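FYI, it's all coordinate maths here, none of it is from the lab. No experiment lies behind these values; they were computed from the predicted model shown. Ideal geometry is used to build each Cβ from the backbone, glycine not excepted, and the neighbour counts take in all protein chains shown.
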Amino acid sequence: MRRAGIVLVVTLLGPIQSLDTAVQSAVQAGRRPYLEAPMNGLTRFARPVTVLSGLLALALLDGTGGLATVRGCIAVLIPVNAAVEALKWSVGRTRPDGDTRRSNSSFPSSHAANAMALAWMLGRRWPRGRVAFWLVALLIGFSRMYLNRHYLSDVLVGAAIGWGFAVLICRRWPGLDPARIRTERTAGPSG
């Protein structure tokens, strides 16, 4: 029975690896000198110190709901990162650039997971900016493939983890949903 399970997994993963390799080859063939700085900038933009600095600024500058929005974002980012790190350690996939450190494995992309989680949360808080938030998240995910740090499946699964936890937490704990903060603010006091 165990052998059948292993055969099934290998059979299912073969086409995914083939697609990953084909996309990686195409993206790497399309690298251009003028895109190196913007792609590195997008990757740096999604680093923890930048994200936490942005959340701190949001808490300080948005007096109408910034702190509540940040609380929701942190509540989403904690399980997102726990899930991503557990998967990285469990899977241990070598990065496209050859990095084999298990603690920094390729699958899934934490940059994509965090970017999508934040895009969802910030889009809930500021619906008019939703497209821009999603676009930045997509570009961050692409930058990870462009810089040869992740495969397509790493980015897609990371993005799904970020989006999934954001949706789950907003539905399970409505008090953490930035859309509720926005709605309560515009509704005004009752009475």
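Summary table below
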quantity: Efficiency of FRET between VAL167 and LEU61 - r from beta-carbon atoms, R0 25 angstrom, step 0.05; calculated: 0.40
quantity: Given charges at Cβ of Lys, Arg, Asp, Glu: the chain dipole, positive-most of VAL91, LEU60, PRO178; calculated: PRO178
quantity: Summed residue charge, Cβ within 11 Å of LEU176's Cβ, Lys/Arg positive, Asp/Glu negative; calculated: +4
quantity: Check: the chain dipole with +1 on Lys, Arg Cβ and -1 on Asp, Glu Cβ, in debye; calculated: 180 debye
quantity: Using alpha-carbon coordinates, inclination of helix 33-45 to the longest axis of the chain, degrees; calculated: 50 degrees
quantity: Segment GLN24-ASN104, length gained on full extension (0.36 nm per residue, minus Cα span); calculated: 26.9 nm
quantity: Fewest-first sequence of CYS170, CYS73 by Cβ atoms within 10 Å of each Cβ; calculated: CYS170, CYS73
quantity: Cα-based radius of gyration of region 2-187 once divided by 2.2 N^0.38 Å, which approximates compact folds; calculated: 1.12
quantity: Å³ per residue enclosed by the Cα convex hull of region 64-174; calculated: 88 Å³
quantity: Proximal charge balance of ILE140 [Cβ under 14 Å; K/R count +1, D/E count -1]; calculated: +3
quantity: Chain lengthening between GLU36 and ALA132 when straightened (0.36 nm per residue, less Cα-Cα); calculated: 32.4 nm
quantity: Spin-label model distance (nm) - ALA179 vs GLN17, 7 Å beyond Cα toward Cβ; calculated: 4.0 nm
